Amino acid sequence: MASRRGQKPQRKLPQRTCVVCRVEMPKRALMRIVRTPEGAVRVDPRGKLSGRGAYLCPREQCFRSRKAREKVAQALGIQIEEQTWERLQPELEELAALRAAELEQGGSGVPAQQFGGEDAEGG
């Protein structure tokens, strides 16, 4: 067996599941909403904030629907008021556009055909 000097072993990408459509994707392809230790609900674009997190894929039905709010609230173990959810929407839209663009370019480790497919359940 020949040694592969100079070549780094390919790292496995961390996988997460969208709480709405249940599609598993690389962590960087999804959007994270976090409940901070202080109890605030925030969008976490870099995925580094401390607290309990829930992941959403950048498909519109996965971050705009009432089902999305309910699933995120369930995953975070809290109630999310409609006002709070509406406050998060502009940031989620911006992040979704960024993630979708990365997916189209193949930059997040997900084939473009996996994202946005009509096969996945949505809400």
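Return the sequence-ordered ³J(HN,Hα) values of segment 79-86 in whole Hz as given by the Karplus equation 6.51 cos²θ - 1.76 cosθ + 1.60 applied to θ = phi - 60°, using x for Gly and Pro.
8, 10, 5, 4, 4, 5, 4, 5
Quick check on segment 1-59: take the gyration tensor over C-alpha atoms, sort the square-rooted eigenvalues as a ≥ b ≥ c, and tell me if it's rounded (a/c under 1.5), prolate or oblate.
Numbers: a/c = 3.90, a/b = 2.11, b/c = 1.85.
Prolate, because a/c is 1.5 or more and a/b exceeds b/c.
Which ³J(HN,Hα) values in Hz, rounded to whole numbers, follow from the phi angles of segment 43-59 under the Karplus curve 6.51 cos²θ - 1.76 cosθ + 1.60, where θ = phi - 60° and Gly and Pro get x?
Per residue, the Karplus-derived 3J(HN,Hα) values read 7, 10, x, 9, x, 10, 5, 6, x, 7, x, 9, 10, 10, 7, x, 6 Hz.
Return the subset of Lys27/Lys48; Lys12/Lys48; Lys12/Lys71 for which the Cα-Cα distance in this structure is over 21 Å, preserving the input order.
Numbers: Lys27/Lys48 12 Å; Lys12/Lys48 19 Å; Lys12/Lys71 27 Å.
Checking Cα-Cα distances, Lys12/Lys71 exceed 21 Å.
How high is the relative contact order of segment 15-104, in percent, counting Cα pairs under 8 Å that sit 6 or more residues apart?
Working: 137 pairs, mean separation 26.3, N = 90.
Once normalised by length, the contact order is 29 percent.
Calculated FRET efficiency, Ala97 and Gln15, Cβ-Cβ r, R0 22 Å, to nearest 0.05? Write down the numbers at each step before the final one.
Numbers: r = 23 Å, r/R0 = 1.03.
Efficiency, from the Cβ-Cβ distance: 0.45.
May I ask you to evaluate 6.51 cos²θ - 1.76 cosθ + 1.60, the Karplus curve with θ = phi - 60°, for each residue of segment 18-27 and list the ³J(HN,Hα) values in order in whole Hz, giving x for glycine and proline?
Coupling constants for segment 18-27: 5, 6, 8, 8, 6, 7, 8, 9, x, 3 Hz.
Would you pull out the residues with amide H under 5 Å of Ile78's amide H, same chain only if 5 or more places away, H placed 1.01 Å from N?
none
Under the rule a/c < 1.5 gives rounded, and otherwise a/b versus b/c splits prolate from oblate, where does segment 1-111 land using the Cα gyration tensor? Don't skip to the answer; put the middle values down first.
Working: a/c = 2.54, a/b = 1.93, b/c = 1.31.
Cα axes put segment 1-111 in the prolate bin.
At 0.36 nm per residue, and after removing the present C-alpha to C-alpha distance, how many nm does the segment from Glu81 to Lys8 gain when stretched out fully?
Numbers: separation 73, 0.36 × 73 = 26.28 nm, distance 4.69 nm.
Between Glu81 and Lys8, full extension yields an extra 21.6 nm.
May I ask which residue of Ser65, Pro90, Val34 lies farthest towards the positive end of the charge dipole of segment 15-104, with charges of +1 (Lys, Arg) and -1 (Asp, Glu) on Cβ and the Cα centre as origin?
Projecting each Cα onto the dipole axis, the largest value belongs to Val34.
Where a number appears in this text, it was derived from the coordinates with a stated rule and is not lab data. Quick caveat, the model's predicted, so the values are computed rather than measured. Positions of Cβ are generated from backbone atoms using ideal geometry, with glycine treated the same way; all protein chains shown enter the neighbour counts.
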